[in-house]
Amino acid sequence: MLEKIAEYFEFEKYNTNFRIETLAGLTTFMTMAYIIFVNPQILSTTGMDFGAVMVATCVSSAIATLIMGIYAKYPFALAPGMGLNAYFTYGVCLGMGVDWRVALGAVFISGILFVILTLTKIRTMIFNAIPNAIKYGTAVGIGLFIAFIGLKNAGIIVESKATLVTLGNLLEPSTLLAMFGIFLTGILLCRRIVGAILWGIIITALIGMILGITPFPDGIVSMPPSIEPTFMKLDVVGALNLGLLTIVLSFFFVDLFDTLGTLSALSSQAGYLKDGKLPRAERALMSDSLGTVIGSILGTSTVTTYIESAAGIAVGGRTGFVSIIVALLFLLTLFFYPIVKVIPIYATASALVVVGALMMTCVKYIDWDDISEAIPAFITLISIPLTFSISTGLALGFITYTVLKVFSGKSKEVHWIVYLFAIIFALRFVYLSG
């Protein structure tokens, strides 16, 4: 049996073995396991059942990662994406008043679009047509967005009638612990500790329990909670409403950018690229798109490939067996719900802030010397956190990019797809204002 597994994943070709691959799987899981705590906390704000979302998070991550490992044979792990879960909650459900069932329907449609474009190979054309100013501006904007949410959850930033936002009471016990968590996570990352973000959450929560700010769990192991409150509750018909077109496109575009960017980075690190291309790329993309579809059915926001997979690759993981280990660990976590449900919001705030900071690296790829590129990128990245909406940032970015290019005599640099989306987004604003 073991020999057949080693042969299927080509251990000899990649100079690896079961020990290396298992260690790599454990390492990758440790670096991304924070999503098990963070995702239910964020999505439950919409009214979704916390326990059901936790199960949906673990199961959808396990299924998508298994598909990636067995079908695409790559050591890449998948889970509900940070930023997209925040947009789902704060931008769509709370910001626009869209019911979470309808929002899940929008996620489902975006996943189906991804499947279709992967099968037809059109997704490459679309990705190449989107200007770098929009791609990188969106990535940076999402980083600012989730960091802002983290600071808000921590109580470091609070609402102000005079200035919209202001500094909170830093002496509040939960705020002090949140700041401790941010510093601790940063220090652990600086020292390259595996699972730094996860350890930051756990240690911060544990200190809160010892100080009596948060109750201790009433157990460690239990049967998983029911997934029934979110399973198959998506409203696809409601999501087909013309008014939600921008939301569907936002889920789709961000997933597209994030997936292709992540796959490129991971493939380069692992040495998979041949002549700049990734073998079995369509299988990897299909794993990602199927993960989104499955996740929406189970009851969670967009599932995408995690850059944290780089941690497993760094310790030698090279085959899809790594993904199988990660998937099994996600399923095993289902039985530790008593611990998951008591993790406080101030403890997970550090994860949001730190992940947001890490996403800022894309700012260096923006061409700040070309004003027709710099301004659209800036409008995109600043609009996302200030409007609490990824879709608004994308829309303003497309429109600004098109207008500046046309009136600066660079209309030929604009792909017809960009013109199309700029018009769609402009009409969307007119529709909302009418």
Within the stretch 329-343, is even one residue surrounded by fewer than 23 Cβ atoms within 10 Å (Cβ to Cβ), assigned to a loop (DSSP other than H, G, I, E, B) and not β-branched (Val, Ile, Thr)?
-> yes
Would you tally the residues in the stretch 266-296 being over 14 Å from ILE67 (Cβ atoms) and either in contact with a Gly (Cβ under 7 Å, 6 or more places away or on another chain) or modelled with pLDDT of 85 or more (or both)?
-> 1
Taking the condition at pLDDT 85 or above, under 24 Å from TYR87 (Cα atoms) and touching a Leu at 6+ places or on another chain (Cβ under 7 Å), does ALA147 pass?
-> yes
Being open to solvent by 20 Å² or more (accessible area, probe 1.4 Å) and closer than 26 Å to VAL315 by Cβ narrows it down to one of MET82, MET96, so name that one.
-> MET82
Take the stretch 188-230 and flag every residue that is within 24 Å of ALA314 (Cα to Cα) and over 23 Å from the mean Cα position of the chain (by Cα).
-> ARG191
The listed residue being in a helix (DSSP H, G or I), closer than 15 Å to ILE42 by Cα and in contact (Cβ under 8 Å) with a residue 24 or more places away in the chain, out of GLY95, GLY111, GLY105 | GLY95
Residue that is of a type outside the set (Lys, Arg) and crowded, with 23+ Cβ neighbours inside 10 Å, where the choices are GLY150, GLY168, GLY186 | GLY150
Qualifying residue in the stretch 44-56 (condition: small (Gly, Ala, Ser), within 18 Å of the chain's Cα centre (by Cα) and in a helix (DSSP H, G or I)) = yes
State all residues of the stretch 386-434 that are under 20 Å from LEU256 (Cα atoms), open to solvent by less than 20 Å² (accessible area, probe 1.4 Å) and part of a helix (DSSP H, G or I); if no residue qualifies, say none.
-> ILE390, SER391, GLY393, LEU394, ALA395, GLY397, PHE398, TYR401, ILE417, VAL418, ALA422, PHE425
For the stretch 141-184, enumerate the residues that are part of a helix (DSSP H, G or I), of a type in the set (Val, Ile, Thr) and more than 15 Å from PRO344 (Cβ to Cβ).
-> ILE142, ILE146, ILE149
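For every residue, the table says whether it meets (1) more than 29 Å from LEU26 (Cβ to Cβ); (2) open to solvent by less than 40 Å² (accessible area, probe 1.4 Å).
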residue: CYS190; (1), (2): no, no
residue: VAL194; (1), (2): no, no
residue: LEU211; (1), (2): yes, no
residue: ALA239; (1), (2): yes, yes
residue: LEU245; (1), (2): yes, no
residue: PHE251; (1), (2): yes, yes
Could you grab me the full set of residues in the stretch 70-79 that are open to solvent by 30 Å² or more (accessible area, probe 1.4 Å) and in a helix (DSSP H, G or I)?
-> ILE70, TYR71
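Residues are listed down the side, and each one gets a yes or a no for (1) open to solvent by 10 Å² or more (accessible area, probe 1.4 Å); (2) in contact with a strand residue (DSSP E or B) (Cβ under 7 Å, 6 or more places away or on another chain); (3) not hydroxyl-bearing (Ser, Thr, Tyr):
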residue: LYS4; (1), (2), (3): yes, no, yes
residue: TYR14; (1), (2), (3): yes, no, no
residue: THR31; (1), (2), (3): yes, no, no
residue: ILE36; (1), (2), (3): no, no, yes
residue: GLY47; (1), (2), (3): yes, no, yes
residue: SER60; (1), (2), (3): no, yes, no
residue: MET68; (1), (2), (3): no, yes, yes
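The values are calculated or read from the model by the stated rules, or taken from the named source; none is laboratory data. Remember, it's a predicted structure, so these values are computed and weren't measured experimentally. Don't worry about glycine lacking a Cβ; one is built from the backbone with ideal geometry, like all the others, and counts go over all protein chains shown. Only protein heavy atoms, including side chains, enter the accessible area calculation; ligands, DNA and RNA are left aside. Shrake-Rupley method; radii C 1.70, N 1.55, O 1.52, S 1.80 Å.
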